[in-house]
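Report on one structure; see the data block that follows.
The values are calculated or read from the model by the stated rules, or taken from the named source; none is laboratory data. This structure is a prediction, so every number in the text was calculated from the model and none was measured. No Cβ is skipped: glycine too gets one built from the backbone with ideal geometry, and neighbour counts run over all protein chains shown. With ligands, DNA and RNA removed, areas are computed over all heavy atoms of the protein, side chains included. Shrake-Rupley method; radii C 1.70, N 1.55, O 1.52, S 1.80 Å.
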Amino acid sequence: MEIGHEYLSVLFYWVIWWGWWIIQFILYTLLGMLMCDGVYQILVSLRGFGNQKAMPNAKRYRKFVVLVPAHNEAQVIAPLLDSLAGQNYPKNCYKVFASCDNCTDNTAEIAREHGAVALERFDKEHNGKTWNVRWALTQLPLDEADALTMFDADNLADRNFLFHMNNYMELHPEAEAIQGVLDVKNPDDNWLTRSYALAYWFSNRFWQLARGLWGLSCTLGGTGLVIRAATLERIGWNLESLTEDLEMSTRLILSGSKVHWNDAAVIYDEKPQDIAISRRQRTRWMQGHYWVFWKYGMDALKTFFVTRKLQYLDLFLYLLAPAKSCLGLIVMFAGMAYTLINNMILFPTISESTPQTMIDWTLFFGMPIFFIILFALICVIVGPSMHEKKFTLRYVKDTFIYFWFGLTWIPILFKAAFLAADQSTWVKTEHTRSISLDDVSKSK
């Protein structure tokens, strides 16, 4: 009995010892992978300090079909249609269609009053933007056009949007899909819209433009985009996710093409003023993002190993982004717990790194927060400075609200992972800010 007890004690000791070392190995391996990804992302983003070359004027005007998917957008669609009607582009070279999906207001009537062709769809079983666009594409005269361009009903299009897109298509005849700059039309409504604007100003330069300058693929943003008619015929729009823009980007890249970035073509998007609406919107984005990763992620990674082309690895890492964020948080807290257990319980006598004083404990728990706030500070200086094309400290006061905005992503990222299997429940984001293009220009 005594021998058996000693045997169990020794066995228990070795299980704990080896288990602890396995935990260490896993933590350090994951930490190393996350750090390598972080270094890669930083190196790619540095190209965002550059600029695209000026484009010469195109020798011919291409024909565009402009699609505006809409569901009960009577409050906001008129300013968008006015901005499209006022494009600095020959009027006979583009036609605007508003696809009114299960509308119970007068969206279709307003669309007609402002010069658009109103397509009315009534299908309660298949609602949402993905189904609306899929149906609308069967109604549009794409065989008479060079490309499709798409806007959300709450957007505003810069007067030279089509002009700059036409120039880009002539300079880059290989470009099958082009994304324009996504700006924010209501950045000064409250802290939330300001946070969205800061995030977009930073990502436009250091995610999208940077990848465009490196020759990597950018991603479609769901609005302010152009896709060649031939590409739609080749790939189709039989998309299944709540993030049809990401899924289309992924399918396009996996087909051997890529999404281009046009830094001269600008649109303005409305951002929600209410945190509950914002959470629903971002949860839907992340639900779709996770789903696209589950369906296409391994294909992207396999294609990278077969072709050795960096754009497929870059796509894989982007599709993995929500999971990486969750994993990073788990590793951070697990690493802190590991340090406490290792230094205070298992080996308290041989460790000199255990926090002792209140200052030590503050540094131990506060250092990760410090670096996150430092990153937020960099974002609120560099992003707006590049956006305004001059150095500005005007948004430094928004550092902590931007930090808080980042924290609000944490529950969304974890929750969306469990909802990703559901790609049929579409919840509309309400749009209410009826702002004209002139109002946006005056506020700058």
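Using the alpha carbon gyration tensor of the range 193-263, what are the three equivalent-ellipsoid semi-axes (square root of 5 times each eigenvalue), largest first, in whole Å?
23, 15, 10
Mind checking which lysines have their Cα closer than 19 Å to the Cα of residue 91? Skip sequence neighbours fewer than 8 apart in that chain.
Leaving aside lysines fewer than 8 places away in the same chain, those within reach of residue 91 are 59, 63.
For residue 428, which lysines qualify as cross-link partners when the Cα separation must be under 27 Å and same-chain residues fewer than eight apart are set aside?
Once the sequence-local lysines are set aside, what remains near residue 428 is 95, 124, 129, 185, 271, 295, 415.
Mean shadow of the range 74-133, computed from the convex hull of its alpha carbons, in nm²?
Spelled out: convex hull of the Cα atoms, projected over all directions, averaged, 4.4 nm².
Looking at the chain, send over the antiparallel percent of its DSSP beta bridges, to the nearest 5.
The antiparallel proportion sits near 30 percent.
Taking only protein heavy atoms and a 1.4 Å probe, what accessible area per residue, in Å², does the range 290-334 have with all protein chains in place?
51
Tell me which of 49, 36, 132 sits at the most positive position along the dipole axis of the chain, charges placed on C-beta atoms (Lys, Arg +1; Asp, Glu -1).
49
Give me the accessible area per residue for the range 377-444, probe 1.4 Å, as a whole number in Å².
60
Run lengths n ≥ 4 of DSSP H only: what is the helix-derived mean residue ellipticity at 222 nm for the chain, with -39500 (n - 2.57) per run over all residues, to the nearest 500?
Taking each H run of at least 4 residues, the total per residue is -18000 deg cm²/dmol.
Tell me the relative contact order for the range 31-151 as a rounded percent, counting alpha carbon contacts under 8 Å between residues six or more apart.
The value is 31 percent.
What whole-number value in Å² describes the accessible area per residue of the range 42-124 for a 1.4 Å probe?
Per-residue accessible area for the range 42-124 comes out at 51 Å².
Taking all pairs of different Cα atoms in the range 171-232, averaging 1/r and flipping that mean, what Kirkwood radius in angstroms comes out?
13.1
Give, rounded to the nearest 20 debye, the magnitude of the charge dipole that the range 141-231 has about its Cα centre when Lys and Arg contribute +1 at Cβ and Asp and Glu contribute -1 at Cβ.
420
For the chain, return all DSSP H helices satisfying: extent of Cα atoms along own axis at least 27 Å; mean Kyte-Doolittle hydropathy at least 0.5.
Result, helices passing both filters: 2-45, 321-341, 358-388, 399-419.
Starting from the range 61-137, pick out the chymotrypsin sites (Phe, Trp or Tyr not before Pro) whose DSSP state is loop and whose Cβ has at most 13 other Cβ atoms within 10 Å.
Taking the range 61-137 and a limit of 13 other Cβ atoms within 10 Å, the loop chymotrypsin sites (Phe, Trp or Tyr not before Pro) found are 122.
Ignoring ligands, DNA and RNA, please state the percent of accessible area on the chain from carbon and sulfur, probe 1.4 Å.
Result for the chain: 64 percent of the exposed heavy-atom area is carbon or sulfur.
Run through the range 301-337 and list the trypsin sites (Lys or Arg not before Pro) located in a DSSP loop whose Cβ has at most 11 other Cβ atoms within 10 Å.
In loop regions of the range 301-337 (DSSP not H, G, I, E or B), the sparsely surrounded trypsin sites (Lys or Arg not before Pro) are 308.
Shape of the range 13-171 from its Cα gyration tensor (a ≥ b ≥ c, root eigenvalues): rounded if a/c is under 1.5, otherwise prolate when a/b > b/c, or oblate?
Because a/c hits 1.5 or more and a/b fails to exceed b/c, the range 13-171 counts as oblate.
Tell me, what does the Kirkwood hydrodynamic radius of the chain come to in angstroms if you use every pair of distinct C-alpha atoms?
That comes to 24.1 Å for the chain.
Can you give the charge dipole size of the chain about its Cα centre, rounded to the nearest 20 debye, using +1 on the beta carbon of Lys and Arg and -1 on the beta carbon of Asp and Glu?
1080
Tell me the relative contact order for the chain as a rounded percent, counting alpha carbon contacts under 8 Å between residues six or more apart.
19
First check a/c for the range 237-300, with a ≥ b ≥ c the square roots of the eigenvalues of its C-alpha gyration tensor; if it is under 1.5, answer rounded, and if not, answer prolate when a/b is larger than b/c or oblate otherwise.
Cα axes put the range 237-300 in the oblate bin.
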